[in-house]
Amino acid sequence: MPHDTPLIATIVAGLGLAFVFGTIAQRFRIPPLVGYLLAGVAVGPFTPGFVADQALATELAELGIILLMFGVGLHFSLNDLLSVRAIAVPGAVVQIAVATLMGLGLALLMGWTIGAGLVFGLALSVASTVVLLRALQERRLMDTERGKIAVGWLIVEDLAMVLALVLFPAVASFQGGNGVALVSDPLAVRFGFGLTGVLVLTLIKIAVFIALMLVVGRRLIPWILHYIAHTGSRELFRLTVLAIALCIAFGSTKLFGVSLALGAFFAGMMLRESPLSQRAAQETLPLRDAFAVLFFVSVGMLFDPLSVIREPWPLIATLFVIVVSKSLAALLIVLVFRHPLTTALTISASLAQIGEFSFILAELGVALNLLPKAGRDLILAGAIFSIMLNPLVFAAIDWLTSRLEKPQASSPAPATSEPIPITGLTDHTILVGYGRVGSLVGDALHQRNAPFLAVETSDDTVAKLKERGIEALMGNAVRASVLRATNPAAARALVIAIPEAFEAGQIVEQARAANADLQIIARAHSDAEVDHLKGLGADIVIMGEREIARGMIEELERRQPDASTQAA
Ligand code: AMP
């Protein structure tokens with residue numbers, strides 16, 4: 001039976017096993033991505049049991065890459081990049097250079113060509129966006145200065161890789177690979193351009209494309225989306241977004257002779273040009289996530305686990321480049337630019353892994369006959385192991401930071417728990433979150449000279465509060481060590497002004513356990529959240545949307561007299 005429907009069997013086996021392995025990985029606090037790769041190994045030809053259709057899996061993976069790269073383009077923000085360019089650009093460039101040179105050296109030691117070495121080295125130099133964003137989000141570092149630098153740095157790496165994707169086929173044709181067939185650049189062939197000619201032509205094409213993007217992206221696409229939104233059909237709207245994305249991707253592939261992955265990246269950048277379109281494009285992200293999983297599964301299928309045992313040394317050397325050399329290079333650069341050690345360590349740890357871009361490069365390298373299959377195996381193994389090691393790397397830097405910062409701290413504390421000094425305040429109010437809601441509450445308390453303490457995850461906000469002489473604690477209030485430092489046992493009230501109900505619930509639960517008399521006021525956005533927070537011990541839960549409605553009704557009532565006289 002399953003032989004009659006190989007496509008369905010492949011999708012079901014891929015998604016089903018990815019779900020199982022992903023959940024197991026999550027249980028062990030490893031990113032689920034590792035689970036998806038292992039699911040691929042399990043259904044791959046190198047392990048016994050069910051073997052999925054490899055050709056089909058590869059084509060499904062291609063869809064996954066298109067959607068992944070579309071997402072990368074959609075998130076590609078020039079402004080974010082510009083705000084940290086002073087450190088991100090030189091940092092990424094030096095790090096790429098170090099990783100590429102070391103990769104090249106390793107490749108030459110293994111007897112590969114220089115071309116193979118360059119592809120291999122480049123693949124080792126670029127970190128995975130998926131892994132990096134997850135790691136930063138998990139540690140609530142996204143809005144911190146360190147987080148922004150890490151993301152900007154990654155964007156520069158991505159850009160360099162995009163350039164590599166464009167230029168590889170051109171370079172390959174001069175390296176004795178079969179690039180000529182893939183360049184499909186009639187102009188270059190007709191005029192018999194040399195390597196420089198092809199490179200210049202490619203760059204000109206990119207410039208033309210960007211000009212086109214600004215016109216189509218800013219004018220035409222928003223106009224189409226606006227028109228479709230008028231029809232009132234959500235289904236049609238989503239379809240429009242997806243169709244536009246795929247058409248641009250496919251069109252630019254044909255027009256420019258670039259890979260589909262790159263076309264999709266351009267499509268994402270085009271949709272980003274208008275903020276409204278960008279929001280609309282987010283609608284395609286669930287689809288992307290599903291197909292991205294299939295991409296990782298199919299990558300796993302290519303991996304021969306025995307190759308690790310057969311030849312462990314090349315893998316160990318590869319891992320050394322990814323985890324140790326890249327990190328040391330990043331650390332040094334960040335320190336040279338006079339950023340604090342904690343920033344340097346966080347950035348090093350975030351980038352000490354490789355992922356989807358490396359797979360895409362490896363695939364292209366093999367297709368162009370630049371990279372031997374053994375190179376792809378090494379890149380895959382390097383990715384799987386470096387992603388698995390990443391949480392450990394973060395744990396190591398946490399430990400290192402606590403060690404290094406200890407001598408300056410006044411009270412010595414055990415190395416395992418973070419030494420956050422407990423506030424001297426008593427009978428105070430603890431205010432968690434200083435955003436749109438919390439800042440209003442905090443300013444009111446400040447004016448009244450009421451004793452209070454703010455907890456914020458954003459270091460910028462904490463710095464500003466401290467400047468104003470307001471006691472503020474930087475950290476995630478969900479963490480026991482942070483909450484303990486607010487001295488909830490001696491506090492009068494706790495105001496939880498953060499939007500996320502599961503986190504708020506955790507805080508309510510811990511604070512209630514610490515102090516039975518504490519007045520706890522929390523924020524919610526739905527009735528279910530209100531029930532959840534009250535169930536855990538919140539005294540009062542204010543539902544944002546209900547208060548907005550109340551404000552609107554008040555406004556209406558204020559004008560009611562006019563309206564009624566007019567009606568009468
Ligand atoms: P807003 O939704 O504008 O009121 O912003 C919420 C604020 O709460 C933001 O400034 C976040 O940085 C902050 N925040 C969110 N979660 C936490 C948390 N678990 N602990 C401390 N601060 C938080």
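The values are calculated or read from the model by the stated rules, or taken from the named source; none is laboratory data. Keep in mind it's a predicted model, so treat the numbers as computed, not measured. Because the Cβ atoms are built from the backbone with ideal geometry, glycine has one as well, and the counts that use them run over all protein chains shown. Areas reflect the complete protein model, heavy atoms only, side chains present, ligands, DNA and RNA absent. Shrake-Rupley method; radii C 1.70, N 1.55, O 1.52, S 1.80 Å.
Using the eigenvalues of the Cα gyration tensor, what equivalent ellipsoid semi-axes result for the range 1-47 when each is taken as the square root of five times the eigenvalue, whole Å, largest first?
Those come to 23, 11, 6 Å.
Of A55, V89, V324, which is farthest on the positive side of the dipole of the chain, counting Cα position, with +1 on Lys and Arg Cβ, -1 on Asp and Glu Cβ, and the Cα centre as origin?
V89
For the range 289-375, what value does the Rg/Rh ratio take when both radii are computed over Cα atoms and Rh is the Kirkwood radius, given to two decimals?
The Rg/Rh ratio comes out at 1.07.
With the Cα gyration tensor of the range 43-159 giving a ≥ b ≥ c as the square roots of its eigenvalues, does the rule (a/c under 1.5 for rounded; else a/b larger than b/c for prolate; else oblate) give rounded, prolate or oblate?
oblate
Quick one, could you list the DSSP H helices from the chain stretching 27 Å or more along their long axis (Cα atoms) with average Kyte-Doolittle hydropathy of 1.0 or above?
Flagged H segments are 6-27, 54-75, 85-109, 145-172, 195-215, 234-256.
From the C-alpha gyration tensor of the range 442-568, pull out the three semi-axes of the equivalent ellipsoid (sqrt of 5λ each), sorted largest to smallest, in whole Å.
After diagonalising the Cα gyration tensor, the semi-axes are 34, 20, 13 Å.
Between K373 and L101, take the C-beta separation as r, use R0 = 22 Å, and let me know the FRET efficiency to the nearest 0.05.
0.40
Under 5 Å between amide H atoms, partner at least 5 residues away or on a different chain: which partners does V541 have, H built in plane at 1.01 Å?
Placed amide hydrogens put A522 under 5 Å from V541.
Let's see if you can work this out: charge +1 on each Lys and Arg Cβ, -1 on each Asp and Glu Cβ, no other charges. What is the dipole magnitude of the chain about its Cα centre, in debye to the nearest 20?
Here the size comes out at about 900 debye.
Given H placed 1.01 Å from N in the peptide plane, which residues other than close sequence neighbours of A472 have an amide H under 5 Å from its amide H?
A454
Quick check: pseudo-label points 7 Å beyond the Cα along Cα→Cβ at V51 and Q560, how many nm apart are they?
7.6
Can you compute the charge dipole magnitude of the range 1-99 about its Cα centre, using +1 on each Lys and Arg Cβ and -1 on each Asp and Glu Cβ, nothing else charged? Give it in debye, rounded to the nearest 20.
460
Report the number of Lys pairs in the chain whose alpha-carbons are under 23 Å apart, with separation of 8 or more residues or on distinct chains.
5
Over the range 429-559, give the accessible area per residue in Å² for a 1.4 Å probe, as an integer.
About 53 Å² of surface per residue is accessible.
As a check on your grasp of the helix formula, calculate [θ] at 222 nm for the chain: sum -39500 (n - 2.57) over DSSP H runs of n ≥ 4, divide by the residue count, round to the nearest 500.
That comes out to -22000 deg cm²/dmol.
Normalised by the number of residues in the chain, what is the relative contact order in percent for Cα pairs under 8 Å and 6+ residues apart?
17
Could you please state how large a percent of the accessible area of the chain is carbon and sulfur, counting protein chains only and using a 1.4 Å probe?
Heavy-atom surface of the chain belonging to carbon and sulfur, 1.4 Å probe: 65 percent.
Calculate the spin-label point distance for R234 paired with L199, positioning each point 7 Å from the Cα along the beta-carbon direction, and give it in nanometres.
Placing both labels 7 Å along Cα→Cβ, they lie 5.1 nm apart.
Of the trypsin sites (Lys or Arg not before Pro) in the range 1-92, which ones lie in a loop per DSSP and count no more than 10 other C-beta atoms within 10 Å?
R29
For the range 415-477, go through all pairs of different Cα atoms, get the mean of 1/r, take its inverse, and jot down that Kirkwood value in Å.
Kirkwood hydrodynamic radius for the range 415-477: 12.1 Å.
In µm²/s, what is D for the chain at 20 °C and 1.002 mPa s, where D = kT/(6 pi eta Rh) by Stokes-Einstein and Rh is the Kirkwood radius from Cα pairs?
81
Give me the net charge of A493's neighbourhood, meaning all other residues with Cβ under 11 Å from the Cβ of A493; Lys, Arg count +1, Asp, Glu -1.
With Lys, Arg at +1 and Asp, Glu at -1, the neighbours total -2.
Taking N as the number of residues in the range 326-393, what is its Cα Rg relative to 2.2 N^0.38 Å?
Normalised by 2.2 N^0.38 Å, the Cα Rg of the range 326-393 equals 1.36.
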